[in-house]
Every structure is written in structure tokens, then in C-alpha cells.
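Working notes for the structure below.
The values are calculated or read from the model by the stated rules, or taken from the named source; none is laboratory data. The structure displayed is predicted, hence computed values, not measured ones. Positions of Cβ are generated from backbone atoms using ideal geometry, with glycine treated the same way; all protein chains shown enter the neighbour counts. To get the accessible areas, we keep the full protein, side chains included, count just its heavy atoms, and leave off ligands, DNA and RNA. Shrake-Rupley method; radii C 1.70, N 1.55, O 1.52, S 1.80 Å.
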Amino acid sequence: MQDFLKIYNKLFTYYGPQGWWPAETTFEMMIGAILVQNTSWRNVEKALINLMPFLKPYVIEKISVEELAELIRPSGFFNIKAKRIKSYIEWFKTYEYDIQQVKKIDRVKLRGELLSIKGIGPETADVIQLYAFDIPIFIVDAYARRIFYRLGYDMPDTYDDFRMQIEVELPGDLVLFNEYHALLVEHSKVHCKKTPICGGCPLLEVCERRL
């Protein structure tokens, strides 16, 4: 029942290209990936508006944790997230804030370094790898778990086992992984909500509708 590519194709045909991540710069994308933890993107957008005059790594480096926390207050858990952003900046500085330097790192080493940053878990690390550093990787989030469960898949409980089970069935194409995550998020907002709207769903014919 490994039809992960078929699911992707159905979603892509229905929704079209999503053009993710929603950010004007790669650095904004990285910060957004931390801000979106445990909150909605609407709240992240409010925080990013406050941050806009400061959205350079060397600027974020110099402002205080307290000032940063106040700027990102709309994102929730702002004191914790300010410390996480500061920790991320400290790591990024070891590569002179140079995205091209980071892209030269072995992907296993890079993922390990990202996961070693306080407050950066597998999902955030993989979002940053995919959308900032162009590494094709499948992102396991609550939306992916909800959708695949309802489709009838009994996916592994652990993050990496889930991720690798899907990756092994897909071509290692950066655009595909980029779009797959965005499409799953969009599908969860339009049809596969907490209370699903099954009428017109592009996956209805392959879904077991497990709730």
C-alpha cells in the first residue's frame, strides 16, 4: 500500500504548486521555522512584521534576548523562542552567516548540528534543511500524521522511522519534497481538518476515512 507518490500527484494536481516557504529571504525563513513552533502562521506573521527592521543575523546577534522576546511576543512562548533564536544565531555565526558554506556540509553532519541547538527538534531542523539549505527531506508534522492515518496507513511512532519510510519510496527530488510538505499543510486546512470535509477531497477514492 506504499502509494506515497500517487498521493503527492493527486494533491499536486488538485492544489497546484505552493511555492513554499512563505518568506522574502532565506534568513526570514529560518526565523519563521522557529517562531511557528506551537502556534499558528498568523501569529508568526505578526511577529515577523515587528522583526522586519532587524531581520539580519548580525543585527539579531546584537540585540538583547529581552528586546528580541518583546518583538516576537505575538508568536507566543516568546521568552523561550527568543533564547532559541539566539542559540540558532550562535550556531549560524560559526559559518559566518553564509548559507553557501552550510550547504557544503554533509547532510548527516548538518542535521546533527541543527539538532544539537537548544530548542531545535527534528521537525524544525528538517524544515530548515529543506527550505533554507536545499536538502530533500520529508517533514513529519501533525498534519502528515493526521492525513496518513486517515488514509489508512499505520505509520511508525518515531519521527525518523516515519520520515524514512516515506523517503525510501520517493525520488530524491528537492522540488517534490518542498511541495509535498506544503501540499499536506494546505490539504489539512482545506479538507483534512480536525473535523474533515470529505466532499470534493482529492484523496477520497484512496482514503479509508479513519477518524
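To the nearest ten degrees, helix 26-35 and the longest principal axis of the Cα atoms of the chain are 80 degrees apart. To the nearest ten degrees, helix 41-51 and the longest principal axis of the Cα atoms of the chain are 20 degrees apart. How far is helix 4-15 tilted off the main Cα axis of the chain, in degrees rounded to 10, range 0 to 90? The helix 4-15 is inclined about 80 degrees to the chain. Modelled spin-label separation between A142 and K118, with each label point placed 7 Å from Cα along the Cα-to-Cβ direction: 2.6 nm.
What net charge is computed for the residues neighbouring F4, neighbours being all others with C-beta under 15 Å from the C-beta of F4, Lys and Arg scored +1, Asp and Glu -1?
On the way: positive: K6, K10, R145, R150, R163; negative: D3, D154, D161, E167, E169, D173, E179.
The answer is -2.
A 1.4 Å probe, protein heavy atoms only, puts the accessible area of E90 near 130 Å².
For trypsin sites (Lys or Arg not before Pro), the sites in the range 112-208 that DSSP calls loop and that have at most 12 other Cβ atoms within 10 Å are K118, K193, K194.
Only Lys, Arg, Asp and Glu carry charge here, each on its Cβ (+1 for the first two, -1 for the last two); on that basis the range 1-155 has a dipole of about 280 debye about its Cα centre.
Note on V175 and K56: the model spin-label points, each 7 Å out from Cα along the C-beta direction, lie 3.4 nm apart. Comparing mean-square fluctuations of G199, G32, G112 from a GNM of the chain with C-alpha springs under 10 Å, the top value falls on G199.
The range 3-76: which GluC sites (Glu not before Pro) are DSSP loop and have at most 16 other beta-carbon atoms within 10 angstrom? Filter output for the range 3-76: E24.
For the range 1-121, the extents of the C-alpha atoms along the principal axes are 50, 34, 24 Å, listed from largest to smallest.
Per the Kirkwood formula applied to alpha carbons, the range 147-211 shows a radius of gyration over Rh ratio, Rg over Rh, of 0.98.
Once the mean of 1/r is taken over each pair of separate Cα atoms and inverted, the chain shows a Kirkwood hydrodynamic radius of 18.1 Å. How high is the FRET efficiency from R107 to T158, r the C-beta distance, R0 22 Å, rounded to 0.05? Plugging the Cβ-Cβ distance into 1/(1 + (r/R0)^6) gives 0.70. Bridging of K103 to lysines at a Cα separation below 24 Å is possible for K56, K86, K93, K118, once same-chain residues fewer than 8 apart are set aside.
Which of these, I105, I139, I89, has the largest mean-square fluctuation under a Gaussian network model of the chain (Cα springs below 10 Å)? Looking only at I105, I139, I89, the biggest GNM fluctuation is shown by I105.
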